[in-house]
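To start, the structure itself, in C-alpha cells.
Each value in this text was obtained by applying a stated rule to the coordinates, not by laboratory testing. Since the structure is predicted, the reported quantities are computational estimates derived from the model, not experimental observations. So basically every Cβ, Gly included, is an ideal-geometry build from the backbone, and we count neighbours across all protein chains shown.
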Amino acid sequence: MTKYDEQFKLEVIQRYLSGEISYGELARERGVTRSMVQRWVASYQIHGQAGLAKQYVRYSARFKREVLSRIYREGLSDTQAVAIYNLRDAGVIGRWRGQYDAGGLGALEPRRRGRSAMPHKHPPELAPKEMTNEQLREENAYLRAELDYLKKLDALIQAERTAALVKKRKLSKD
C-alpha cells in the first residue's frame, strides 16, 4: 500500500502548479519531502494523472540496462530518469547501478520470489563416459575455447564498466 493516495498527490501538484508556493514550502506544509514533491510534479507533467497511479511492475534486465545507459549517455540525474520512465521508487536506480557495477548485466535480472529448492546433500555423480583419446582431445579443445570465450567476455564487461565510470567522473567534474 502506498503512503499517499492519488488524490493527495494531485492536490499537492495542483497547488505547486498554481505558482503560489515553492517545492520546499509545499513540502513543509504537507509533511512530505521536497524531492517527493518534485518527483510527483515531474511525473505528472510527463505522464499526466497516469503517472500518479499505483503500479506493481517487475522490470527486465534489458529495461534496467536501458535506463542506466540513457542516464550515462544523456547525463540525466536519477530524479529525471525516475520521472521519464515513470518509476515509483526514487532509490531504485541507485540499486540497479550498484547491482550492475557488482555483477554486470546478469545481476540486473529480476529475482525469483519464494523459497529456493533444497540443495542436494550429495551432488549426483556424473556417469562415467567411455571416450576414445580422439574424443577426449576434441572435448578438451572445446572446453578450452569455451573458457577463452568467457575470459574475453569478462574482459569486455570490465572494460565497459571502467569506461562508464570514467565517463561518469568526467561528467561530474564538468
Point-charge dipole on Cβ atoms (K/R +1, D/E -1) for segment 26-90, about Cα centre, debye to 20: 180
Label selected from (1) 1.18; (2) 1.01; (3) 0.99, the criterion being Rg/Rh (Cα atoms, Kirkwood Rh) as computed here: (1)
Inter-part distance where segment 39-96 and segment 143-168 are each reduced to a Cα centre, Å: 28
Table column - 3J(HN,Hα) (Hz), segment 29-37, Karplus curve with 6.51, -1.76, 1.60, x for Gly and Pro: 4, 9, x, 10, 7, 4, 5, 5, 4
Segment 3-63: GluC sites (Glu not before Pro) in DSSP loop, at most 10 other beta carbons within 10 Å: GLU20
For segment 34-84: Kirkwood Rh in Å [reciprocal of mean 1/r, alpha carbons]: 11.9
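Stokes-Einstein diffusion coefficient for segment 3-52 at 20 °C in a medium of 1.002 mPa s, Rh from the Kirkwood formula over Cα pairs: what value in µm²/s?
Value of D from the Cα-based Kirkwood radius: 202 µm²/s.
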Options TYR142, SER172, LEU153, ranked by Cα towards positive dipole end of segment 131-174, top entry (Cβ charges): SER172
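For the chain, calculate the relative contact order in percent as a whole number, restricting contacts to Cα pairs under 8 Å that are 6 or more residues apart.
Numbers: 94 pairs, mean separation 27.9, N = 174.
Relative contact order comes out at 16 percent.
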Charge-dipole axis of the chain as Lys and Arg at +1 and Asp and Glu at -1 on Cβ define it, positive-most pick from TYR100, TYR59, TYR4: TYR4
For the chain, built as a Gaussian network whose Cα springs stay under 10 Å, the top-fluctuating residue of LYS64, LYS152, LYS129: LYS129
Integer Hz, Karplus 6.51/-1.76/1.60 couplings in order for segment 13-21, x for Gly and Pro: 4, 5, 5, 5, 5, 5, x, 8, 8
Where labels lie 7 Å past Cα in the beta-carbon direction, separation of ALA155 and SER172 in nm: 2.9
